[in-house]
Amino acid sequence: MKNNTRTRPSMLSVVAITAIACAALLGGNLLPGASAQRLRPQRRSVQEVGVDRGTVARAESYTRDRFDYFTETPRGARVAAVNRPRAEALRAIDQGLSDLFVAARRAGYRAGLNHADYVVFIARADRTRDSAGAYSPDMAFAAGNYAGSVYDRGGTMYAAGMVPSYSPAALVVAEHDRDFGRMANVVRYEGEHLVLYHNDRRRFQETADHTRGGAHPILQ
Ligand SMILES: [Zn+2]
């Protein structure tokens with residue numbers, strides 16, 4: 001855990017529908033083929049990358065971070081990050097979205113299944129290990145409407161990812177320096193809420209609040 005850890009405000013009690021944090025347990029699959037090219041992410045401006053400033057402002061208010069590094073993944077997902085992202089992180093985002101789209105198509109969904117439809121924010125992690133000691137970069141939030149649930153850790157909850165905006169589709173994941181398979185899973189899982197929002201509003205509502213049970217993956 002970093003020294004400068006600040007508990008971020010609860011966004012859940014403020015905007016129950018527009019922001020969802022997921023504290024889902026995530027497995028640590030390895031990313032296939034995450035080795036070869038050392039592509040060095042190009043730093044670009046917010047306009048060049050096409051991330052709307054309102055969405056950035058929103059993500060910043062939820063995370064209390066400042067995103068001023070903008071780039072794109074090889075498949076065209078837009079990225080806003082607190083630091084220059086590693087090439088492995090960009091590939092993990094692509095992989096997570098690709099896995100998400102496969103599951104979404106299997107469910108018969110069609111909307112929002114392009115990498116370019118997504119903005120992924122890479123935020124600072126408030127912890128890098130979970131209570132069992134496993135590598136787990138997560139963000140801390142005030143428990144809000146998760147208070148008293150299994151996710152509540154003394155008034156704080158740790159989230160692997162969250163959704164700051166549905167239109168445009170955006171998600172936040174914490175910075176990883178290893179286990180990029182986990183990072184891909186966080187993207188895939190947070191992305192499920194976005195895919196459901198754009199394709200099946202009823203199922204979206206039923207699965208949006210994890211305090212009522214239910215975790216990821218939602219789409220098999
Ligand atoms: Zn979730």
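Could you calculate the contour length gain from ALA107 to ARG53, that is, 0.36 nm times the residue separation minus the distance between their Cα atoms, to one decimal place in nm?
16.2 nm
Please give the FRET efficiency for ASP152 paired with ASP130, using the beta carbon to beta carbon distance and R0 = 22 Å, rounded to the nearest 0.05. Don't skip to the answer; put the middle values down first.
On the way: r = 15 Å, r/R0 = 0.66.
Efficiency for this residue pair is about 0.90.
Note down the relative contact order for segment 107-150 as a percent, whole number, built from C-alpha pairs under 8 angstrom at least six residues apart.
On the way: 21 pairs, mean separation 10.5, N = 44.
Answer for segment 107-150 is 24 percent.
Taking a ≥ b ≥ c as the square roots of the Cα gyration tensor eigenvalues, with a/c under 1.5 meaning rounded and otherwise prolate when a/b beats b/c, else oblate, which class fits segment 62-220?
Working: a/c = 1.64, a/b = 1.07, b/c = 1.53.
It is oblate, given that a/c is not under 1.5 and a/b is not larger than b/c.
Taking amide H atoms as placed 1.01 Å from N in the peptide plane, list the residues 5 or more away in sequence, or in a different chain, whose amide H sits under 5 Å from that of SER165.
ALA170
I need ILE93, ILE122 ordered by Cβ neighbour count within 10 Å, fewest first. Provide the component values of the computation, followed by the final result.
Values: ILE93 31, ILE122 25.
Ascending Cβ contact count within 10 Å gives the list ILE122, ILE93.
What is the sum of charges around ALA215, taking Lys and Arg as +1, Asp and Glu as -1, for the other residues whose C-beta is under 12 Å from the C-beta of ALA215? Can you show the working numbers first?
On the way: positive: ARG212; negative: GLU192, ASP209.
My count for the surroundings of ALA215 gives -1.
How many times 2.2 N^0.38 Å is the alpha carbon radius of gyration of segment 143-220? Can you show the working numbers first?
Values: Rg = 13.1 Å, N = 78, 2.2 N^0.38 = 11.5 Å.
In units of the globular-protein estimate, segment 143-220 measures up at 1.13.
So if I place +1 on the C-beta of Lys and Arg and -1 on the C-beta of Asp and Glu, and nothing else carries charge, what would the dipole magnitude of segment 59-210 be about its Cα centre? I want it in debye, nearest 20.
Working: 20 positive and 20 negative charges, 56 e Å.
Value, rounded to 20: 260 debye.
We did not get these values from a lab; they are worked out from the coordinates using the rules stated. All of these numbers come straight from a predicted model, not from anything done at the bench. All Cβ positions, even for glycine, are placed from backbone atoms using ideal geometry, and neighbour counts span all protein chains on display.
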